[in-house]
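Visitor: Pasting in a structure now, in structure tokens, and then I'll have a few things to ask.
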Amino acid sequence: MIVEDEPDLMDVAASLFASMGYDVVTASSGREAIDMMEQLDVDILFTDVVMPNGMDGLELAGYTRSHHPGTKIMLASGYPLPALKQRHGQDLNDFAFVNKPYRLSDLARTLRTAM
């Protein structure tokens, strides 16, 4: 599952994951993602950290870890990791992280470390 509030970035991420052989579903907000996760078996959650529609990616990651513990979680952001840690605290260390813009090789490498 890819959660991204920017449609163009969602399309790019979906294409990259599909090129790695994954079946992809997308959501544009954390709330939409949670609703979908209750209906689907999601193996991987790839979410933007900063999203404007109420629930950010870190909150979604925490929810997913507690309610769907078998799901691998990857976070992404265009903001530098130190700035995100200042805003969101050290909880970011608990999840695999990739910087935007990312390439297929970045996603594949980060996916191997996702928990």
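Rule-based calculations on the coordinates, nothing more; no lab input. The model shown is predicted, which means the values in this text are computed figures rather than measured ones. Neighbour counts are summed over all protein chains in view; Cβ atoms, including those assigned to glycine, are modelled from backbone coordinates with ideal geometry.
Visitor: For the chain, what is the calculated [θ] at 222 nm in deg cm²/dmol (nearest 500), taking -39500 (n - 2.57) for each run of four or more DSSP H residues and dividing by its residue count?
Guide: Computed mean residue ellipticity for the chain: -13000 deg cm²/dmol.
Visitor: Roughly how many debye, to the nearest 20, is the charge dipole of the chain about its Cα centre, given +1 on each Lys and Arg Cβ, -1 on each Asp and Glu Cβ, and no other charges?
Guide: Using only the charged Cβ atoms, the result is roughly 560 debye.
Visitor: For the chain, what value does the Rg/Rh ratio take when both radii are computed over Cα atoms and Rh is the Kirkwood radius, given to two decimals?
Guide: We get a ratio of 0.91 for the chain.
Visitor: How much length is gained if the chain between Ala108 and Val50 is pulled fully straight, taking 0.36 nm per residue apart and subtracting their Cα-Cα distance, in nm to one decimal?
Guide: This chain segment gains 18.7 nm when fully extended.
Visitor: Once the Cα atoms of the stretch 1-63 are picked out, what are the Rg and Dmax in Å?
Guide: 10.9, 31
Visitor: Select from Val50, Thr71, Leu81 the residue farthest towards the positive end of the dipole of the stretch 2-115; place +1 on Cβ of Lys and Arg, -1 on Cβ of Asp and Glu, and compute about the Cα centre.
Guide: Selected residue: Leu81.
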